[in-house]
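S.K.: Before I ask anything, let me first share the structure, which is written out below as structure tokens.
The values are calculated or read from the model by the stated rules, or taken from the named source; none is laboratory data. Worth saying up front: this structure is predicted, and the values here are computed from it rather than measured. Every residue, glycine as well, gets a Cβ built from its backbone with ideal geometry; the counts of neighbours run over all protein chains shown. To get the accessible areas, we keep the full protein, side chains included, count just its heavy atoms, and leave off ligands, DNA and RNA. Shrake-Rupley method; radii C 1.70, N 1.55, O 1.52, S 1.80 Å.
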Amino acid sequence: MQHLHVHRYERLWLTAGLVMLVFFIAVLATSAIVDGFVPPSRTQTIDPTKVSATPPFDHPGLHQIGPGQYEAYYVGRIFSWDPASITVPVGSHVTFYLTSSDVMHGFSIPETGVNASVTPGWVQSVSHTFTKPGTFLVLCNEYCGSGHQFMSAKVIVQ
Ligand code: CUA
């Protein structure tokens, strides 16, 4: 009887674990389908002390790569994003490439689900399709010092 009891208890935990795993995968899959949201991935390394001399981050900003397709290169530094503002047409698919020249920052566009940590030494990328016009605020959501709350930029969709 004792053995059966333990067995049942373990099976319960296994089941609960599996249910949670399936649930999280479902949440991820749903957000990927609903928002066209690709999980942030660290794609390459960069010397954080030479960001301003390393292409393409020596000229941060927006580049059109095809019809409705853009790449935006951002450098985070205390306490600003460079570029401070970009403008794209409605329907644009933008891939953001992000790096930091000092400490860790967080690149967040609250209305879109874009949320990526920006770590010195790494290039982070995250994509989003802007289907609605408006001015979208880019915030820093990783505490980076006394001016953290002023660290913002704009994505204008028109
Ligand atoms: Cu940058 Cu907080």
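Each row is one residue, and each column tells you yes or no for (1) under 15 Å from the mean Cα position of the chain (by Cα); (2) surrounded by 16 or more Cβ atoms within 10 Å (Cβ to Cβ).
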site: 83; (1), (2): no, yes
site: 91; (1), (2): no, no
site: 96; (1), (2): yes, yes
site: 112; (1), (2): yes, yes
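S.K.: Same structure again: Check segment 62-76 and report whether any residue there is open to solvent by 50 Å² or more (accessible area, probe 1.4 Å), at pLDDT 95 or above and not in a strand (DSSP E or B).
M.R.: Yes - at least one qualifying residue is present in segment 62-76.
S.K.: Considering 70, 143, 74, 97, which residue is in contact (Cβ under 8 Å) with a residue 12 or more places away in the chain and within 16 Å of the ligand (Cβ to nearest atom)?
M.R.: 74
S.K.: How many residues does segment 141-157 hold that are in a loop (DSSP other than H, G, I, E, B) and open to solvent by 30 Å² or more (accessible area, probe 1.4 Å)?
M.R.: 4
S.K.: Okay, moving on. Taking only segment 115-140 into account, find how many residues are under 15 Å from residue 44 (Cα atoms), out of contact with any Lys or Arg (no Cβ under 6 Å at 6 or more places or on another chain) and either of a type in the set (Val, Ile, Thr) or part of a strand (DSSP E or B) (or both).
M.R.: Selection size over segment 115-140: 7.
S.K.: Kindly indicate whether residue 107 is within 11 Å of the ligand (Cβ to nearest atom), crowded, with 16+ Cβ neighbours inside 10 Å and assigned to a strand (DSSP E or B).
M.R.: yes
S.K.: Would you tally the residues in segment 1-55 being open to solvent by 90 Å² or more (accessible area, probe 1.4 Å), at pLDDT below 65 and among the charged types (D, E, K, R)?
M.R.: 1
S.K.: Return the residues of segment 114-140 that are open to solvent by 10 Å² or more (accessible area, probe 1.4 Å) and of a type outside the set (S, T, N, Q); say none if nothing qualifies.
M.R.: 120, 121, 122, 128, 132, 133, 134, 136, 137, 139, 140
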